[in-house]
Amino acid sequence: MTKDVRDGRDVRDGRGVGDERDVRDVRDVRDVRDVGGVRDGRGERFTVAVLGPGGVGGLLAALVARAGHRVICLAGDATAEVLRADGIRVRSGRFGEFTARVEADTELREPVDACLITVKHTALDTALDRVPARALGDGLLVPFLNGVEHPAALRARYGPARVAPAVIRVESTRTAPGVIDHASPFAEIDLTGDTVARERLDALAGVLAAAGPDVRVQADEAAVLWAKMAFLAPFALLTTRYGVPLGEVRTLHRTELTALVAETAAVSRASGAPADPATALARYDAFPPGAKSSMQRDAEAGRPLELDAIGGALLRAAARHGAPVPVAERLVREVEDAVPR
């Protein structure tokens, strides 16, 4: 079972992390219609590839396909065979119960309008072999990934004008190949991309919003990615280090949580993104006490951890800006030492 509790703010309250005063466009793009002749999801049919049809990817693939667009899921042989035969079955309080027919393959073999990357960071390098740059054409590459370093790596591989990072807030679980349980009452996407033409972002946002999720196009890529990191890093590191849910972290390990939130906020600000430690702590306090991070769930299941993409990226950014992060350094080291070799 693959459970995705994704976030820009992880486990879910649907609010932003930190001060977003500098994020210029935060409108809901459900009302995006004609954007200068570019397809907007209400007229021409899009072709969308989904790399990794798990909890998040499977949900998005099914919603976009149900909205009438062509969807190609990229996965291993066994999963691709199931999807071709049975489609994707979704159980959702918000979107209902339905089955969507999709195409499936082990590799992208033709140009698409967009390719959504919904694998975890630990599987990214291998998964990208399924998306040859020559096959992608001029389609957008849309990574729904944790961390802040992946856009640069993807732009080096596919070109800057193609990469449009996104953040999603949703709780969605793949219980079997092609079977998706969407548990949260929300599915919210922030789409950004400093190197992508705005009309292309608006067009894709129109497709996604018409399919069901709430979608915003945000102008400041760093603010979007660091808003996620500023919440996710303390949450993931502390729940994984101590093997306890958030409720116990914020009571038994309150001092560490407060210090780590302050360190992460300082690195975020040094990286050009607003962050407010008091707001972040208030959000942690408002979360259900039983909430677990996806990294903690991976540790419990013996799966590879996104430690480098989250904790490692935080330490590297701190080093670049000369920001002291002693609590983060210790926690990254301790989590790393606890991982079976």
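The values are calculated or read from the model by the stated rules, or taken from the named source; none is laboratory data. Small disclaimer: the values here were computed from a predicted structure and weren't measured. Using ideal geometry, Cβ is built from the backbone for each residue, glycine included, and neighbour counts are taken over all protein chains shown. Ligands, DNA and RNA are excluded from the accessible area calculation, which covers all protein heavy atoms including side chains. Shrake-Rupley method; radii C 1.70, N 1.55, O 1.52, S 1.80 Å.
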Under 5 Å from the placed amide H of Cys115, counting only residues 5+ away or on other chains, we find Ala49, Leu140, Leu141, Val142
Residue by residue through segment 254-261, which ³J(HN,Hα) values in whole Hz follow from phi under the Karplus form 6.51 cos²θ - 1.76 cosθ + 1.60 (θ = phi - 60°), with glycine and proline marked x?
4, 4, 5, 4, 4, 5, 5, 4
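What does the extension gain come out to for Thr195 and Ala133, with contour length at 0.36 nm per residue minus their alpha carbon separation?
Details: separation 62, 0.36 × 62 = 22.32 nm, distance 1.73 nm.
That pair, Thr195 and Ala133, stretches by 20.6 nm at full extension.
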Assign unit charges at the C-beta atoms only (+1 for Lys and Arg, -1 for Asp and Glu), then state the dipole size of segment 162-320 relative to its Cα centre in Debye, rounded to the nearest 20.
220 debye
Measure nothing fancy, just the Cα-based angle from helix 198-211's long axis to the longest principal axis of the chain, in degrees from 0 to 90, nearest 10.
80 degrees
What is the helix-to-structure angle for 55-66, meaning the angle in degrees between its Cα long axis and the longest Cα principal axis of the chain, kept from 0 to 90 and rounded to the nearest 10?
30 degrees
Choice from Val64, Val267, Val327 with maximal GNM fluctuation in the chain (Cα, 10 Å cutoff):
Val327
Ignoring ligands, DNA and RNA, what accessible area per residue does the chain give at 1.4 Å, in Å²?
39 Å²
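Shape call for segment 197-271 from the C-alpha gyration tensor, a ≥ b ≥ c root eigenvalues: rounded (a/c under 1.5), prolate (a/b greater than b/c) or oblate?
Because a/c hits 1.5 or more and a/b fails to exceed b/c, segment 197-271 counts as oblate.
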What is the extension gain from Asp337 to Ala152, computed as 0.36 nm multiplied by their sequence separation minus the C-alpha to C-alpha distance, in nm to one decimal?
63.8 nm
Using alpha carbon centers only, segment 60-82 is separated from segment 257-286 by a whole-angstrom value of 37 Å
Length-normalised contact order of segment 132-289, Cα under 8 Å, at least 6 apart, in percent, tallies to 17 percent
May I have the extent of the alpha carbons of the chain along their three principal axes, as whole Å values ordered from largest to smallest?
53, 40, 36
Please list the non-local residues whose amide H lies under 5 Å from the amide H of Thr173, H modeled 1.01 Å from N, same-chain partners needing a gap of 5 or more.
Asp4, Asp181, His182, Ala183
With each label point set 7 Å from Cα along the Cα-Cβ vector, what nm distance links Glu44 and Glu329?
5.3 nm
Candidates Arg320, Arg94, Arg45; GNM for the chain (alpha-carbon contacts under 10 Å) flags as most fluctuating Arg320
What do you get for the angle between helix 77-86 and the principal long axis of the chain? Use alpha-carbon atoms, 0 to 90 degrees, nearest ten.
60 degrees
Would you mind pulling out the separation of the Cα centroids of segment 288-312 and segment 134-149, in Å?
23 Å
What is the magnitude of the charge dipole of the chain about its Cα centre, with +1 placed on the Cβ of each Lys and Arg, -1 on the Cβ of each Asp and Glu, and no other charges, expressed in debye to the nearest 20?
240 debye
I need the shape label for segment 108-195. Rule: rounded when a/c is under 1.5, else prolate if a/b > b/c, else oblate, with a, b, c from the alpha carbon gyration tensor.
prolate
Using a ≥ b ≥ c from the Cα gyration tensor of segment 190-341 (square roots of the eigenvalues), is it rounded, prolate or oblate, where a/c under 1.5 gives rounded and otherwise the larger of a/b and b/c decides, a/b for prolate?
prolate
For the charge dipole of the chain, defined by +1 on Lys and Arg C-beta atoms and -1 on Asp and Glu C-beta atoms about the Cα centroid, which residue among Cys73, Ala123, Val249 has the Cα displaced farthest towards the positive pole?
Cys73
